[in-house]
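S.K.: The structure that follows is given in the form of C-alpha cells.
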Amino acid sequence: MSGSAYQDDRGNKDRSIANPDGQGSAVPEHKGGTRPAPGGPYLIGDSMTGGYGKGPDILHDCTISVEKGEIAVIVGPNGAGKSTAMKAVFGMLDLRGGAVRLDGEDISDLSPQDRVIKGMGFVPQTHNIFTSMSVEENLEMGAFIRRDDFRDTMAQVYDLFPILKEKRRQPAGELSGGQRQQVAVGRALMTQPKVLMLDEPTAGVSPIVMDELFDRIIEVARTGLPILMVEQNARQALEIADKGYVLVQGANAHTGTGKELLADEQVRRSFLGG
Ligand SMILES: Nc1ncnc2c1ncn2[C@@H]1O[C@H](COP(=O)(O)OP(=O)(O)O)[C@@H](O)[C@H]1O
Ligand SMILES: [Mg+2]
C-alpha cells in the first residue's frame with residue numbers, strides 16, 4: 001500500500017471533487033451571526049453521550065473529530081460504539097449530552113438531510129447502496145440535493161473508480177463487495193461534500209481490494225476533503241491516519257496521531273495483536 005508515504009503530502013490544491021464551497025449555500029450560514037473561533041476542528045462530535053431511543057447510553061462523553069486536510073480513523077472492538085458515534089455525528093441519534101459542530105457552527109439540532117445540505121457526506125456501514133438500481137442510478141440518487149448539473153462530478157467519480165463507469169448500467173447488487181463500496185463512496189461524493197464520513201469502507205473485502213480502496217480514499221483526501229472513518233483493519237487504517245481514536249465501551253480509550261497509536265505498547269497489545 002502507498003500508505004504512510006502520503007502522511008506529509010496533504011494539502012494538494014486540486015479540489016476537483018472536494019468543492020470547498022460544497023453545497024452549503026443552499027442553507028443560510030450562521031443564522032445567529034456568531035462566527036466560530038478559528039482553528040477548532042472542522043467537524044467534531046464533542047463529548048457525546050447518548051443511545052438509541054429510550055435505551056441505555058451507548059456513548060459516554062465520546063469525542064471524535066477531523067481537521068481540514070486530515071484523515072481521522074476510529075478503531076476499537078466490535079460493539080464499542082464506533083458506528084453509533086458516526087450516526088450521532090450525522091444526526092441519527094438524540095444526544096443526551098455534548099454537541100456536534102461543523103466549521104465551528106453547532107449543528108446538533110439539524111436533521112441528517114440538513115447536515116448533507118451543510119456539506120456532510122456519510123457512507124453508513126450497512127445498506128449503503130440501492131442494490132436493485134443501476135450503478136449510475138445510485139450516483140444520481142447521491143446527487144439528490146443538487147439543482148445544478150452534476151455530470152462533471154459523475155465524471156470525476158468515474159475517473160476515481162473506472163470500474164464503475166464500465167458497470168454503470170448494471171444493478172449495483174450484482175457487483176463485488178469492493179465495487180459496491182466504491183458505489184457507496186461515489187454516491188456520497190455526488191453531493192460534493194465538504195467532509196466525508198465512512199463507516200468500515202473495507203468491510204468484507206480481500207486484502208488486495210482493501211489496499212486499493214485505501215489508495216482511493218487517500219486520493220480523495222489529497223483533493224482536500226477531510227475524511228472521518230471507522231475501520232476494522234486497525235493497523236492498516238492507522239498507517240494512513242493523521243489522527244486516530246480507539247473507542248472502548250462508548251468512550252475514548254486512546255487518542256493520538258496514527259503513528260503514536262501504532263507505537264503505543266498498550267494499543268498494540270490490546271487492539272493490534274501485539
Ligand atoms: N439500532 C440500535 N438499537 C439499539 N442498540 C443498538 C443499535 N445499533 C447498535 N446498538 C448497540 O450499540 C452498541 C454499539 O454498537 P455499534 O455502534 O454498532 O458498535 P461498533 O460499530 O463499534 O461495532 C452495541 O451494544 C449495539 O448492540
Ligand atoms: Mg460498526
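Any read-out appearing in this document is the output of simple, stated calculations on the displayed coordinates, not a laboratory observation. Since we're looking at a predicted model, the values are computed, not measured. Here Cβ is always computed from backbone atoms with ideal geometry, including for glycine, and neighbour counts include all displayed protein chains.
S.K.: Which of the helices (runs of 4 or more DSSP H) contained wholly in segment 137-194 include at least 2 residues that are buried (at least 21 other Cβ atoms within 10 Å of the Cβ) and not β-branched (Val, Ile, Thr)? Step through it out loud before you land on a result.
M.R.: Numbers: elements: 151-160, 162-166, 177-189.
Fully inside segment 137-194 and qualifying: 177-189.
S.K.: A follow-up question, please. Checking PHE271 against (1) within 16 Å of ligand 2 (Cβ to nearest atom); (2) closer than 20 Å to THR126 by Cα; (3) surrounded by fewer than 23 Cβ atoms within 10 Å (Cβ to Cβ), which single condition isn't satisfied?
M.R.: It fails just one condition, (2).
S.K.: Assess whether LEU189 counts as being touching a strand residue (DSSP E or B) at 6+ places or on another chain (Cβ under 7 Å), of a type in the set (A, V, I, L, M) and more than 16 Å from ligand 1 (Cβ to nearest atom).
M.R.: Spelling it out, LEU189 is indeed touching a strand residue (DSSP E or B) at 6+ places or on another chain (Cβ under 7 Å), of a type in the set (A, V, I, L, M) and more than 16 Å from ligand 1 (Cβ to nearest atom).
S.K.: Answer yes if at least one residue in segment 84-103 is at positive phi and within 16 Å of ligand 2 (Cβ to nearest atom), and no otherwise. Let's see the steps before the verdict.
M.R.: Quick first cut of segment 84-103, residues at positive phi only: 91, 98, 103.
Add one more test, that the residue is within 16 Å of ligand 2 (Cβ to nearest atom), and what stays is none.
No.
S.K.: Take the residues in segment 83-104 that are of a type in the set (D, E, K, R) and surrounded by fewer than 17 Cβ atoms within 10 Å (Cβ to Cβ), then tell me which one is nearest to GLU200 (Cα to Cα).
M.R.: Applying the first criterion (of a type in the set (D, E, K, R)) to segment 83-104 yields 87, 94, 96, 101, 103.
Among the residues that remain, those that are also surrounded by fewer than 17 Cβ atoms within 10 Å (Cβ to Cβ) are: 94, 96.
Details: ASP94: 23, ARG96: 26 Å.
This residue is ASP94.
S.K.: Here's another thing I want to ask about it. Would you say GLY76 is away from ligand 2 (no atom under 13 Å from the Cβ) and buried (at least 16 other Cβ atoms within 10 Å of the Cβ)? Break it down stepwise before answering.
M.R.: On the way: away from ligand 2 (no atom under 13 Å from the Cβ): no; buried (at least 16 other Cβ atoms within 10 Å of the Cβ): yes.
No.
S.K.: OK, next. Considering only segment 64-81, I want to know if a residue exists there that is touching a Ser or Thr at 6+ places or on another chain (Cβ under 8 Å) and away from ligand 1 (no atom under 16 Å from the Cβ). First the steps, then the outcome.
M.R.: Pass one, segment 64-81, residues touching a Ser or Thr at 6+ places or on another chain (Cβ under 8 Å): 72.
Okay, now just the ones that are also away from ligand 1 (no atom under 16 Å from the Cβ), so none.
So far as segment 64-81 goes, no, none of its residues is touching a Ser or Thr at 6+ places or on another chain (Cβ under 8 Å) and away from ligand 1 (no atom under 16 Å from the Cβ).
S.K.: Can you tell me how many residues in segment 201-223 are within 16 Å of ligand 2 (Cβ to nearest atom), surrounded by fewer than 22 Cβ atoms within 10 Å (Cβ to Cβ) and more than 15 Å from ILE163 (Cβ to Cβ)? Explain how you work it out, then say what you get.
M.R.: Step one: filter segment 201-223 for residues within 16 Å of ligand 2 (Cβ to nearest atom), giving 201-205.
Those left that are additionally surrounded by fewer than 22 Cβ atoms within 10 Å (Cβ to Cβ): 203-205.
Then keep just the ones that are more than 15 Å from ILE163 (Cβ to Cβ); that gives 203-204.
Selection size over segment 201-223: 2.
S.K.: Can you run down the residue pairs with Cβ atoms below 8 Å, 6 or more apart or on separate chains, where the first is in segment 94-106 and more than 11 Å from ASP46 (Cβ to Cβ) and the partner is among the hydrophobic types (A, V, I, L, M, F, W, C) and not in a strand (DSSP E or B)?
M.R.: So the pair list comes out as GLY104/ALA37.
S.K.: For segment 207-226, state whether one or more residues are away from ligand 1 (no atom under 14 Å from the Cβ) and assigned to a strand (DSSP E or B). Outline the logic, then answer.
M.R.: Looking only at segment 207-226, we keep the residues that are away from ligand 1 (no atom under 14 Å from the Cβ), and these are 207-226.
This time we only want the ones that are assigned to a strand (DSSP E or B), so: none.
No: zero hits.
S.K.: Right, another one. Collect the residues in segment 57-81 that are part of a strand (DSSP E or B) and among the aliphatic types (A, V, I, L, M), keeping them in residue-number order.
M.R.: Of the residues in segment 57-81, the ones part of a strand (DSSP E or B) are 57-66, 71-75.
Those that are part of a strand (DSSP E or B) and among the aliphatic types (A, V, I, L, M): ILE58, LEU59, ILE64, VAL66, ILE71, ALA72, VAL73, ILE74, VAL75.
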